[in-house]
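Worksheet: the structure to be examined is printed underneath.
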Amino acid sequence: MEANLPMKIIKSTLSILLLLFCTIGPIYASLRYEASLTKDFTADIVARTPEKGNFSPRHIKVQVGQKVKLRVRNVDTVMHGFAIPALGIDAGELKAGKNKILEFTPTKPGIYDFYCTTWCSEFHLQMRGILEVE
Amino acid sequence: MSNENNNNQTDNDQPCCDQAGCNQSGSRQKLLGIIPLDWRFDLASIPLIRWILKQRWFPLCFIFMNMFLFMLILMSGVIGGFSSGNYSFGIMMVWILWWVVLMMILVPVFSRTWCMVCPLPSFGEWLQRIKIFGVGKKVGGLNLKWPKKLSNMWIMNILFLMTTYFSGFFTVRPLATFFMLGSLIVLGIVFMMIFEKRTFCLYVCPVSGFQGLYSNLGMSEIRVKDPKICEKHKKKTCVTGNKNGYGCPWMLEPHSFKKNTYCGMCLECFKSCPFDNMAFNLRPPATDLLVDEKRGLDEAWKCFIMLAIAVMFYVAMMGPWGTIKNWVRGETFIGWFKFISLHTFFALVVIPGIFGIFAWLSKVVSGEKDIRLKKVFVNLSYSLVPMGLAAWIAFSFGFLLPNGSYLLHIFSDPFARGWDLFGTAGIPWTPFGTVWLVPLQFFTLLGGYLVSVDYGYKLCLQTFADTATAKRGFIPLLVLLTLVTIAFGWLYGG
Ligand code: SF4
Ligand SMILES: [Cu+2]
């Protein structure tokens, strides 16, 4: 007795769907979720020691009077920090693997430096970038 | 009753005592003098369980579930917090959760059930079958036979040892874990497309080898219930397959195999057997160590390599020796090279050498002239299995208890991007039960030691001609097992 054709088709479709759900599914879902969380971010700054890639991006442009939302992600094995002293912004210590979200509204145009605030490597002093307010 | 079936005294060339449950006096052998070795309970005698085991969606549903998790693990290697092991989903899931569950529960209790639910070879297997769900006759791929010469553990031994060369990277670099799992999947597909059935799992996969060896200790087994029914069943559908199930993908003969080593517990034989003659037995630990089938130097070296790695991991991850740690982490190439040479030499030469000396002593002390050293060496090496697994379990406690709480964090924030899926992302690192660590490790080692000694003696009875020579031959082995246990106790506890 052969299994009947419609049953076969249902089974193959189901298994293909399951396969997609378990492979593409998690990828799609997490990317979507991440996108929904980050959609109003001005920038997502990844922090690494200078020899491993420094802050990236290192140059951020924002508009004066508009709200800025930054996420700083320490993907390194050492502790970093993040501060824009001229704007009075300090994220404090960022342990390895941690991240922080900073929100503020710049009121004066200008070029502001941001720095790493913990001694993270011998090139620590080079760990900096620029926030440009237009 | 499904019990006495693994005691078939057929086709042994040895005079006595090849099977668990028999010794010279003919009475039942017991583990530590308490649990009879031939005790069995067939889980599948519970109708619901047998029904589940016979469904095609089982264990497929678990394979899918694991596939889902493994995709997340792979992804975290690419988009997760790169260098910070503690906040990497992949690293925590693989090296804390998976490894610990494998070593502490799956292998010792359920033998090779990991292979039952392992998603790594599935892509290849489905391509090979041109099917995911049902049973078909067509085969994709070349379906070649694997060479006889390589049908043993040597490739897996070498690959597993080589994997440990990178152990300093796995726990700190998510990408290393990504490449390891990724290459297993790719290799799996390639092998499935070239060679027949589960050749990849049987002879290549590095995770397979130690599971094979240590599952001899596992407290579960898939065996035939009543060999007489198999005798009458000329078609042997468990080997050839039928419309309900594939012929054994692990190329065993389910109707007669006696040892867990190469059974991946895929459950096809439950489906293909028309007489419901397969059993999923619970049993006392380690009874397979006494089964003299396919024993060889490859498995002996597997024992040695596993012991060596248990030592090396401890030294590299928890020991107080900073220089060695730096070597393992590969801070300089020379240092790393020193580490891999030392490690390889220790695993392949030093430990086997020490064991060899004691095996030779055992032969000499036993007074038996015409026994081959190789036989003593191979047979007695199986007594290292319980102790080796105990050392691994003890070692696993050492990172589960201090680091287990990270798991709660990574479930909620798998890619270290500030998610909080289950509200547990904020839970701080809380080492758990660390005061119990050393006592737990101590009792685990002690347990392993007792089982090893018990089986060591039984293996001697099996190896030497009579009880008197066996007793004498056992003395050097007892000394060795004691020394090794003390060494592990010293390493882990003091
Ligand atoms: S078919 Fe049977 S003997 Fe073969 S691996 Fe599967 S369960 Fe084990
Ligand atoms: Cu820094």
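The values are calculated or read from the model by the stated rules, or taken from the named source; none is laboratory data. The shown structure was predicted, so the numbers you read here are calculated from the model rather than taken from an experiment. Because the Cβ atoms are built from the backbone with ideal geometry, glycine has one as well, and the counts that use them run over all protein chains shown. Side chains included, ligands, DNA and RNA excluded: accessible areas come from the protein's heavy atoms. Shrake-Rupley method; radii C 1.70, N 1.55, O 1.52, S 1.80 Å.
Taking a temperature of 20 °C and a viscosity of 1.002 mPa s, what whole-number D in µm²/s does Stokes-Einstein yield for the range A:43-133 with Rh from Kirkwood over alpha carbon pairs?
Working: Rh = 12.9 Å.
Stokes-Einstein gives a translational diffusion coefficient of 166 µm²/s.
Chain A and chain B together bury an accessible surface of about 2200 square angstrom, both sides counted, with a 1.4 Å probe and no ligands or nucleic acids included.
For peptide B:69-76, the mean count of partner chain Cβ atoms within 10 Å of a residue's Cβ comes to 3. Note on B:Phe41 and B:Lys294: the extension gain reaches 88.5 nm, defined as 0.36 nm multiplied by sequence separation minus the Cα-Cα distance. Shown here for the range A:1-74: chymotrypsin sites (Phe, Trp or Tyr not before Pro) in loop regions (DSSP other than H, G, I, E, B) with at most 16 other Cβ atoms within 10 Å, namely A:Phe41.
Remark: the range A:32-40, residue by residue, has Karplus-estimated 3J(HN,Hα) of 4, 4, 4, 4, 5, 6, 9, 5, 9 Hz, where x stands for each Gly or Pro and the curve is 6.51 cos²θ - 1.76 cosθ + 1.60 at θ = phi - 60°.
Roughly what % of Cα-Cα distances in chain B sit above 44 Å, to the whole percent?
Counting every Cα pair in chain B, those more than 44 Å apart make up 14 percent.
Counted over the range B:68-165 with a bin width of 10 Å, the fraction of Cα pairs per bin, in whole percents, is 12, 27, 38, 20, 3. Cross-link partners for A:Lys11 among the aspartates and glutamates, with Cα-Cα distance under 15 Å and sequence neighbours closer than 8 places in the same chain left out: A:Glu2. Amide H to amide H, with H built 1.01 Å from N, A:Lys69 comes under 5 Å of A:Thr42, A:Ala43, counting only residues 5 or more places away or on other chains. Please report, ordered by residue number, every helix of chain B (full DSSP H runs) that is 24 Å or longer along its axis going by C-alpha atoms and whose mean Kyte-Doolittle hydropathy reaches -0.5. Sorted by number, the helices that extend far enough and score high enough are B:60-79, B:174-194, B:297-317, B:384-403, B:437-463, B:467-493. Heavy-atom accessible surface of the range B:295-493, averaged per residue, reaches 42 Å², computed with a 1.4 Å probe.
Over the protein assembly as shown, all Cα pairs binned in 10 Å intervals from 0 give whole-percent P(r) values of 3, 14, 22, 23, 18, 10, 6, 3, 1, 0, listed from short to long.
For B:Lys374, the lysines whose Cα comes closer than 28 Å to its Cα, not counting residues fewer than 8 places off in the same chain, are B:Lys30, B:Lys148, B:Lys149, B:Lys258, B:Lys259, B:Lys294, B:Lys302, B:Lys363, B:Lys458, B:Lys471.
Just the protein heavy atoms count here, and of the accessible area of the protein assembly as shown at 1.4 Å, carbon and sulfur take up 69 percent. Note on A:21-29: average number of Cβ atoms from other chains within 10 Å of each residue's Cβ is 5.
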